[in-house]
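S.K.: I am attaching a structure below and will ask some questions about it afterwards.
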Amino acid sequence: MDEVSRLTDLLNKKAKLAAMLAPSFPVVYEYPQIIGRLKQLGFLYVVEVAAGAKKTNEAVLTLLQDNPQSRFITSPCPSFVRLIRAKYPQLLQYLALQADSPMAATARIVKEKFPDCSPVFVGPCVAKKFESSEDYPELNILVLTYKELDMVFDAFHVGEAAAQAGDGFDVTGQTTRIYPIDGGLTESSGVRNILKDEEIRIVSGWKNCEAALLEFERNLKIRLLDILFCEGGCINGPGIASVLSPDDRKKKVLEFSAKRDL
């Protein structure tokens, strides 16, 4: 059964569900209307995955501080992790796998705060499906892209106009809402307070990955490689259907991140 069918079945059965909305959502949905739509669909809670990203940041900072000579490649991006496993196994030792991805960290938050609910991740990344089933099977996360969520909205006739504005997120993560933009981890985590500029590399786009990995191998001064597989970051993931340019997508995320009354 595909993910759309699985979610449809769960909603029809009135299962207790918590939606975990990835921080790229402003590219495709208006806030707070999207909260109302998800709750009208049948979700009991809506959690901001940016909340989990804060946990990821804390773990990365701890790794860097506790291991002052160590070097890390950040691993919130499942496509990039799989590239390392398939083509660059010699670099597996540098993956910061001790830090949960934002999706996994958010699922743990859901299980702690809403133990009766099953976590449903909604975001721009198809590879998150593999991350859920292969890397975190114990968390039992159902993963849908924004495109797939729109199919479910259509099936249940939950349109933008029909939904009320709704309340805000049940769990928020305001300081990490820039996560889906390239460099989002670096700029939201505070690593610049403990690392020099020459010790950090920010890279996005699959065409740039190989060169970045070769530089990481050669240049031992680089302690943190903050890398995302999609050009410009998760805002350009394949699970997004949008006519907006990459710059306009980035602007949407930054504008939402700048709001302080949510």
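Here, each number is a calculation from the coordinates, and none is a lab measurement. Values in this document were obtained by computation on a predicted structure and should not be read as measured data. A quick note on method: Cβ atoms are made from the backbone with ideal geometry, for glycine too, and the neighbour counts reach across all protein chains shown.
S.K.: Looking at the stretch 35-43, is at least one residue at positive phi and of a type in the set (Gly, Ala, Ser)? Even if it seems obvious, please write down each step before you answer.
M.R.: Looking only at the stretch 35-43, we keep the residues that are at positive phi, and these are 42.
Now restrict to residues that are of a type in the set (Gly, Ala, Ser): 42.
Looking for residues that are at positive phi and of a type in the set (Gly, Ala, Ser), one finds at least one in the stretch 35-43, hence yes.
S.K.: Tell me, which helices (runs of 4 or more DSSP H) lie completely within the stretch 164-260 with 1 or more residues that are touching a residue at least 40 places away in the same chain (Cβ under 8 Å) and of a type in the set (Asp, Glu)? Working first, answer last.
M.R.: Numbers: elements: 184-189, 206-218, 246-258.
Answer list for the stretch 164-260: 206-218, 246-258.
S.K.: Here is a follow-up. Just checking, which of Ser79, Ser70 is surrounded by fewer than 22 Cβ atoms within 10 Å (Cβ to Cβ) and part of a helix (DSSP H, G or I)?
M.R.: Ser79 is the lone residue from the list that is surrounded by fewer than 22 Cβ atoms within 10 Å (Cβ to Cβ) and part of a helix (DSSP H, G or I).
S.K.: Another question, then. In the stretch 204-262, what residues are of a type in the set (Lys, Arg) and buried (at least 16 other Cβ atoms within 10 Å of the Cβ)? Spell out the reasoning first.
M.R.: Restricting attention to the stretch 204-262, the residues satisfying the condition of being of a type in the set (Lys, Arg) are 207, 218, 221, 223, 249-252, 259-260.
Within the stretch 204-262, Arg223, Arg249, Lys250, Lys252 qualify.
S.K.: I'd like to verify a number: residues in the stretch 110-143 that are buried (at least 22 other Cβ atoms within 10 Å of the Cβ) and part of a helix (DSSP H, G or I), how many?
M.R.: 4
S.K.: If you check Lys54, Lys14, which single one turns out to be of a type in the set (D, E, K, R) and within 16 Å of the chain's Cα centre (by Cα)?
M.R.: Working: Lys14 fails: within 16 Å of the chain's Cα centre (by Cα).
Exactly one residue qualifies, and that residue is Lys54.
S.K.: Sticking with this structure for a sec: For the stretch 185-201, indicate whether the set of residues that are of a type outside the set (S, T, N, Q), touching a Gly at 6+ places or on another chain (Cβ under 8 Å), within 26 Å of Gln93 (Cβ to Cβ) and buried (at least 19 other Cβ atoms within 10 Å of the Cβ) is non-empty. Steps first, please.
M.R.: Filtering the stretch 185-201 down to residues of a type outside the set (S, T, N, Q) leaves 185, 187, 190-192, 194-201.
Now drop any that are not touching a Gly at 6+ places or on another chain (Cβ under 8 Å), which leaves none.
Scanning the stretch 185-201 turns up no residue that is of a type outside the set (S, T, N, Q), touching a Gly at 6+ places or on another chain (Cβ under 8 Å), within 26 Å of Gln93 (Cβ to Cβ) and buried (at least 19 other Cβ atoms within 10 Å of the Cβ).
S.K.: Here is a further query. Taking the stretch 1-35 only, how many residues are surrounded by fewer than 20 Cβ atoms within 10 Å (Cβ to Cβ) and outside any loop (DSSP other than H, G, I, E, B)?
M.R.: Qualifying residue count for the region: 10.
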